[in-house]
1. Is it true that A:GLU186 is of a type in the set (Asp, Glu), in contact with a strand residue (DSSP E or B) (Cβ under 8 Å, 6 or more places away or on another chain), away from every other protein chain (no Cβ under 14 Å) and not in a strand (DSSP E or B)?
2. Kindly indicate the residue of the stretch B:5-29 that is assigned to a loop (DSSP other than H, G, I, E, B) and either in contact (Cβ under 8 Å) with a residue 24 or more places away in the chain or acidic (Asp, Glu) (or both) and also surrounded by the fewest Cβ atoms within 10 Å (Cβ to Cβ) among those meeting that condition.
3. Condition test on A:LEU424, is it in contact (Cβ under 8 Å) with a residue 24 or more places away in the chain, more than 30 Å from A:GLU186 (Cβ to Cβ), not β-branched (Val, Ile, Thr) and not in a strand (DSSP E or B)?
4. Which condition from (1) more than 10 Å from chain A (Cβ to nearest Cβ); (2) surrounded by 22 or more Cβ atoms within 10 Å (Cβ to Cβ); (3) among the β-branched types (Val, Ile, Thr); (4) free of Cβ contacts under 8 Å to residues at least 60 places away in the same chain is the one that B:ILE32 breaks?
5. Give the stretch A:285-311 a look and list any residue that's hydroxyl-bearing (Ser, Thr, Tyr) and either more than 22 Å from the chain's Cα centre (by Cα) or outside any helix (DSSP H, G or I) (or both), or say none.
6. Does B:PHE80 satisfy being at pLDDT 95 or above, within 11 Å of chain A (Cβ to nearest Cβ) and either surrounded by 11 or more Cβ atoms within 10 Å (Cβ to Cβ) or not in a helix (DSSP H, G or I) (or both)?
7. Please give the number of the condition B:ILE74 fails out of (1) out of contact with any helix residue (DSSP H, G or I) (no Cβ under 6 Å at 6 or more places or on another chain); (2) part of a helix (DSSP H, G or I); (3) more than 25 Å from A:GLU122 (Cβ to Cβ); (4) more than 9 Å from every other protein chain (Cβ to nearest Cβ).
8. Please specify each residue of the stretch A:519-551 satisfying the condition of being closer than 16 Å to A:ILE292 by Cα, at pLDDT below 85 and not in a helix (DSSP H, G or I).
Amino acid sequence: MQVDLRKPEFVMKLGRLGSFHQSKLSFLRSFIREFKDWDFQTHILELDNFGFGHGVYVVQKGDKQYSLVCFSNHLNENERSDRVIATKWDASFVLYDGIPSSEDIQRLKDNVPLQEQGRVTEKELCLSRANKSVRVFEHVVDRLSQGHQPDTSLLYSVGYLYRTTAVYGSGKFGLADRIKIQDRGELKGPFRLEMMLVYLARQFTFDVVNHVAHHRSPSTAVKLSDDIARNLGIGNSTGLGMAPFIVNHPALLNQWIMAKEKALQAIRSLSSVKEKEIETFQSYLSTIQDNIKYWKTDSDYQVQKNDQLIHDLKDFQKYFDSKKIENFFWNDVYEWAEKQTEAECCEFIVSLMMEVYPHIVEPLSYEMSIDEEDYFDIDTSRNINEICQLIEKQYTWLLEVDFKEKENIYNFWYYSKNKQEPRLSDRFSEEGAELELPLAIARDIQNLYKSLKKTDPKKDLSFYLSQDQQYRHVLRRVFICEQLPYSEIQDNTISKALIPVDMLRLKLSFFGATRFDPRSDRWVRITMYQGAPLMKEISLSNDSWSYKKIA
Amino acid sequence: MHSLYEIETTVKRSAKSQGLSWGVSEEIGKAIRVLEQSGLQGLESFKNIIDYGFDNLIKLIDINQKETSNLCPIHFGIFFQDQSHLKEMHQTFEFKSLQEPLISIPFLIKAAKKNLIYFHIHSDNLKISITPSEMTSIDQNKIPNLVSNFSMNVTPQRQSQYSDKTWEDLYQLSLETFVEETEEKKLSGAGAGLSDND
């Protein structure tokens, strides 16, 4: 039986993309798989009694070395903010290429806590900062200092001790350009350095609470138990800054989605299934149904999605219990999920199916990067009529949108002068629309199409471009989409109906985030590495930690 | 020092701020990035163009265009990048002047590679050839801020850069790796049968 890839017009809708879950392809999991045989060491931990100071963690294999330099600073209550508009943080981090000298550490100490206002150099690879979850941090320190382990129901309802609020890489604020590291074998997956930074920062959060608890009461303090620490991740608050990335990197987006779709296609194409494989799937399904109760959110949007997921999973469980072992078992399972459940559950089932077949899925994680420069240039020898046909075929959905309607052009994306981050605003009540970013892809491709239609169809694109360069930025996307079918989100990103959190969720699911907790329609809290092996036990990881019961 | 990412995004945004389209701004961001990565003063040249003002520059949009003074190097480069696949472009053009010719070079390099063509620019103060090969050598001290009354030959024909004597000397040396053939070897060495008429 021939099973096709799912069609882009089905997959690339934001409602579905915004329902993706972490999987074996997620970057934090592929980071651990790649680095599990590296040596992880605490190199320096120089903190005062209150946990302020710095630490350095070194990851090395042979002559290759990376170091996370962490700074912990005092922060007044009224200065603590997760929003990107903050200017001070409890902790700040920088990933250094090699092992830093004391001069490097001093230089970094003067700059890294300042984040966007500081400068780093090409010796540094990634930059980040984090704030304490004050309630959890104080509780943990208090309990440990008294010789007791903390209340796990409180801990797991939050899921972390600190949450990061941004992770910067690839040349920002003077960091090394991607070109410096792109040929390193261990960094062949997307965002691998960012994943390394967050993983090591998680270790720093454990070391800080243990250190502070010890100094608060040296005679009674105990260390946080490994079992509890393992079930804590590191949080992240993410705003709109992340959303334009997936629009601005169409070729890369295609690679991520294509890897997932190829994995699903391969699994659905399996003609037979073993009892053991069904048992593995069921065990993960049962664990996650238990763990969902820790997914806390105040967002009505996410509460409704989670409730629907729980409801759909119950129905799915009934179906799965009665499902006979037949040829193309997984194809039947997938088709049932697609027809009978909402996207949130269907995509969850897809992630679970991928867990059962590491030999199919894991190699695909090496196909998730791409050299975007190879797709930048426009083939101007192509005929205008041919390009119109290409748009009609690839962008059918947007040709019918009426962009004269206020609802369809309601929002505009712009770049904030204050924080150098993308933002979204109402075009009709706020100023700045004349400085709109080129993220209104649907509107601009429709305009390009109309403009091409007014040109002699026998001429080639070089003729068109000599007359008009206004839509050059989307013309190159038409060519990218021709070669890379999952490169375009097939929704209007300036519509009033847009839910920006869906764009964040798409990217965060590929990072490997869990426990989506939208704080509004445009920023979200998530957890990373919850359940992941601790630094000292990373070599023992078998990549099943995402499906460990939290208790 | 700024990262190449910062250079590219800053140039892209500042080009947009001057009224260029997003697509053209993306192109110039990448071009200046390439120049800076190659150790050439792309950013300085771009700043000179901004200071000069795009309103004071002429866009090249047609090969038969009469007005070719004060040409904009961005539109000059993009024009040849977009048009050079056309056979009618393979000729020699005469232009009156081009501001900051350095900026046009990354575009011409792309066009040369993609279409396997050569650009030979010639004036009193500048002589430069851009080829489809991987190696391009540019001395920034020899690229003026303005090139006047220059010609540009666009051709798919490679030009030889060596004397006949150099070639002959090297060819004779290459023969020293060959084995002299006897009549017997001529019959057996080529692997053919006794008759080619079978």
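1. Numbers: of a type in the set (Asp, Glu): yes; in contact with a strand residue (DSSP E or B) (Cβ under 8 Å, 6 or more places away or on another chain): yes; away from every other protein chain (no Cβ under 14 Å): yes; not in a strand (DSSP E or B): yes.
The answer is yes for A:GLU186.
2. So the residue we want is B:GLY19.
3. Values: in contact (Cβ under 8 Å) with a residue 24 or more places away in the chain: yes; more than 30 Å from A:GLU186 (Cβ to Cβ): yes; not β-branched (Val, Ile, Thr): yes; not in a strand (DSSP E or B): no.
Considered against the rule, which asks whether it is in contact (Cβ under 8 Å) with a residue 24 or more places away in the chain, more than 30 Å from A:GLU186 (Cβ to Cβ), not β-branched (Val, Ile, Thr) and not in a strand (DSSP E or B), A:LEU424 comes out as no.
4. (4)
5. Residues of the stretch A:285-311 that are hydroxyl-bearing (Ser, Thr, Tyr), as a first pass: A:286-287, A:294, A:297, A:299, A:301.
The answer is A:SER286, A:THR287, A:THR297, A:SER299.
6. yes
7. Looking at each condition in turn, B:ILE74 falls short on (1).
8. The answer is A:LYS548, A:LYS549, A:ILE550, A:ALA551.
The values are calculated or read from the model by the stated rules, or taken from the named source; none is laboratory data. Fair warning: this is a prediction, and the values are worked out from it, not measured in the lab. Heads up, the Cβs are rebuilt from the backbone with ideal geometry, glycines too, and the neighbour counts pull from every protein chain shown.
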